[in-house]
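The values are calculated or read from the model by the stated rules, or taken from the named source; none is laboratory data. It should be emphasised that the depicted structure is a prediction, and the values quoted were computed from it without experimental measurement. We place every Cβ from the backbone using ideal geometry, glycine too, and count neighbours over all the protein chains shown. Please note that ligands, DNA and RNA were not included when accessible areas were found on the heavy atoms of the full protein model with its side chains. Shrake-Rupley method; radii C 1.70, N 1.55, O 1.52, S 1.80 Å.
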Amino acid sequence: MLDLGFVRTNLELVEKKLRDRGQDPAALLGDFRQLDQMRRERITETEQLKARRNKLSEEVARLKKSGQDATAVMEETRTLKVRIDELEAGAGDSEQQMRAILTRIPNLTRDEVPVGPDERSNIEVKKWGELPKFDFQPKPHWELGAQLGILDLERAAKISGARFAVYWGDGAKLERALIGFMLDLHTREHGYTEVLPPFMVNSKSLYGTGQLPKFAEDLFRCTDAEGFTPGEYRDNDHWLIPTAEVPVTNLYRDETLDEAKLPISLTAYTPCFRSEAGSYGKDVRGIIRQHQFQKVELVKFARPEESDAEHEKLTRNAEEILERLELPYRRVLLCTGDTGFSSAKTFDLEVWLPGQNLYREISSCSNFDAFQARRANIRYKPKGQGKTAFVHTLNGSGLAVGRTWLAILENYQQADGTVRVPEALVCYMGGKRTIEPRPGA
């Protein structure tokens, strides 16, 4: 969430940044300006009436001391008190309405973020790796997986519905190998602490990272979360997590962190659950867009002055997974219209998929500045200062496991239909170097 005082004094800048995102400032801000004006007027009148009341109190004391009747003056004082209480309540109500408006305002993108309406305005920052060359027509992962007997979408649809997958044999082992490989690299070499959080969270947690109230329809809720209404964020309802970002970031909700321990770097493996509302008809082939998928997440808590450097480190940590697996990729700086709700700046990593002849997002690495920390009330006390400040939060996929899985199938496929195992994963696959058709599939 944006700072109320900042928005109040920089409303024109906020409106410009919203237009840069392709948003309608009038629709999002609503009567924010009028509410602020009403609040200011009420505060001004309150201060004037308090000054008048103080003078009357002095007059009451003078009259009583001189033995004169102070009844009329005391009655005026009581009348002023009632009016002051009304004005203070009204000013407080205006502020609450303004804060409610802020819950639907996205973060302000950094000035270096390119302005544009959609992914066509994203900027390619770098490319890594040689695109593989084949002396045969490379196949997409859904064909390879089915022919090898390791990816079963039909039985998944039977037991769960569309947008689910069953992995068999070496397919399941490859998924598990990738999770272990990613966690080991991030903890042993990149300095992250591994966390295994709950896979269900309450609405307070989803509010803290910005999924609620805006993205309620993209989430799976449990029965105790039915009837959710924006503004009523509870600690006793349950939603399936859309990403480990939510529980891991909220580990420190309503806490003040020790500055000496910053930056804090955490990594977590979890399944992720998304309803994919509005995505029907998109990516219906294979496992690009699923209701359930696995992901290894990277989350950081940093001092504001260090968050840019930590953002670069986090992005490089995700890139190194792709480089160790020798998967060609590119880094893209997202434009304003493609940047997520809570993010101030995002790099997407896109892996090359030869079976589809395109690059696909495999990680989004974002700096949220203080946006999430303000919503979740995550603070630290800067050295030499008397008051606390909000940390900056960052996160990125390190990586999306399913998309890494399919990228391996497509990039390492052989002419005979087998798939070579990347060297970095051989030890995680029990020494297996080739995925061959599953017997009896």
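Can you name the residue in segment 99-139 that is assigned to a helix (DSSP H, G or I) and open to solvent by 50 Å² or more (accessible area, probe 1.4 Å) and, of all such residues, is nearest to Leu174 (Cα to Cα)?
Applying the filter and picking the extreme gives Glu119.
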Test: residue in segment 82-93 that is surrounded by 13 or more Cβ atoms within 10 Å (Cβ to Cβ) and part of a loop (DSSP other than H, G, I, E, B): no
Where a residue in segment 172-196 is buried (at least 17 other Cβ atoms within 10 Å of the Cβ) and its partner, wherever it lies, is at pLDDT below 95 and hydroxyl-bearing (Ser, Thr, Tyr), with Cβ under 9 Å and at least six apart: none
Residue list for segment 1-22, restricted to those being part of a loop (DSSP other than H, G, I, E, B), surrounded by 17 or more Cβ atoms within 10 Å (Cβ to Cβ) and either out of contact with any helix residue (DSSP H, G or I) (no Cβ under 9 Å at 6 or more places or on another chain) or acidic (Asp, Glu) (or both): none
Scope segment 383-441; condition within 33 Å of the chain's Cα centre (by Cα), among the hydrophobic types (A, V, I, L, M, F, W, C), assigned to a strand (DSSP E or B) and over 17 Å from Leu322 (Cα atoms); matching residues: Ala389, Phe390, Leu394
Test result for Glu124, more than 23 Å from Thr418 (Cβ to Cβ) and of a type in the set (D, E, K, R): yes
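Strands (runs of 3 or more DSSP E) wholly in segment 246-314 with at least 2 residues that are within 22 Å of Leu183 (Cβ to Cβ) - which ones?
Numbers: elements: 255-257, 264-273, 292-302.
In segment 246-314, 264-273, 292-302 are the strands (runs of 3 or more DSSP E) which contain 2 or more residues that are within 22 Å of Leu183 (Cβ to Cβ).
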Search result, residues across segment 207-258 that are hydroxyl-bearing (Ser, Thr, Tyr), closer than 28 Å to His392 by Cβ and open to solvent by 60 Å² or more (accessible area, probe 1.4 Å): Thr256
Extreme residue, farthest from Lys387 (Cα to Cα), among residues of segment 245-291 that are in contact (Cβ under 8 Å) with a residue 40 or more places away in the chain and of a type in the set (S, T, N, Q): Gln290
